[in-house]
Amino acid sequence: MAKIYMVLQGKGGVGKSFIASIIAQHGYAKKKDVLCIDTDPVNATFLGFKKLNVKKLDLMEGDEIDPRKFDNLIELIAKSKSDVVIDNGASTFVALSHYLISNHIPALLKEMGHELIVHTV
């Protein structure tokens, strides 16, 4: 069972990437494998933490958010045997929140044996 740590907030510049990095570092300190994902299309700050091997996941199609690309995020999570830390950008907060709720993603992840933990700043 993987723990999925999602850092969400609709306001930029409040420390989402910092918190994501602390969660990831804690996992590494506990000798766990951690999959780190940055979905921020504007300021991919989490991606800048090179030692954390953060994956950039593009959720945009041109200048628009592509909700179908959220499926790619869920597929990455579903396949993961390691804990996952996701830093979500403020610009995709509303769309991602809507996707999670309308598609019953927390229940789906639970059925897969994962635990979703949402952090908001």
Net length gained if the chain between ILE22 and VAL42 were fully extended (0.36 nm per residue, minus Cα distance): 5.1 nm
Vicinal HN-Hα couplings computed from phi for the stretch 107-115 (Karplus, 6.51 cos²θ - 1.76 cosθ + 1.60; Hz; Gly/Pro x): 5, 4, 5, 4, 4, 7, x, 9, 10
The stretch 1-101 - percent relative contact order, Cα under 8 Å, separation 6 or more: 43 percent
Loop-located trypsin sites (Lys or Arg not before Pro) in the stretch 22-121, at most 16 other Cβ atoms within 10 Å (DSSP): LYS30, LYS31, LYS32, ARG68, LYS81
Size of charge dipole - the stretch 1-72 - debye, nearest 20, with Cβ of Lys, Arg +1 and Asp, Glu -1, no other charges: 640 debye
Helix-derived mean residue ellipticity, 222 nm - over the chain, DSSP H n ≥ 4, -39500 (n - 2.57), to 500: -10500 deg cm²/dmol
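Where in the chain are the helices, taken as whole DSSP H runs, whose Cα atoms extend 18 angstrom or more along the long axis and whose Kyte-Doolittle mean reaches at least 0.0?
Sorted by number, the helices that extend far enough and score high enough are 16-29.
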Estimated inter-spin distance, HIS119 and LYS55, nm [label 7 Å along Cα→Cβ]: 2.0 nm
Shape box of the chain [Cα atoms, principal axes, largest first, Å]: 39, 32, 23
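Computed from the coordinates by the stated procedures, all read-outs in this text should not be read as laboratory data. Everything quoted here is computed from the prediction, not taken from an experiment. Ideal geometry is used to build each Cβ from the backbone, glycine not excepted, and the neighbour counts take in all protein chains shown.
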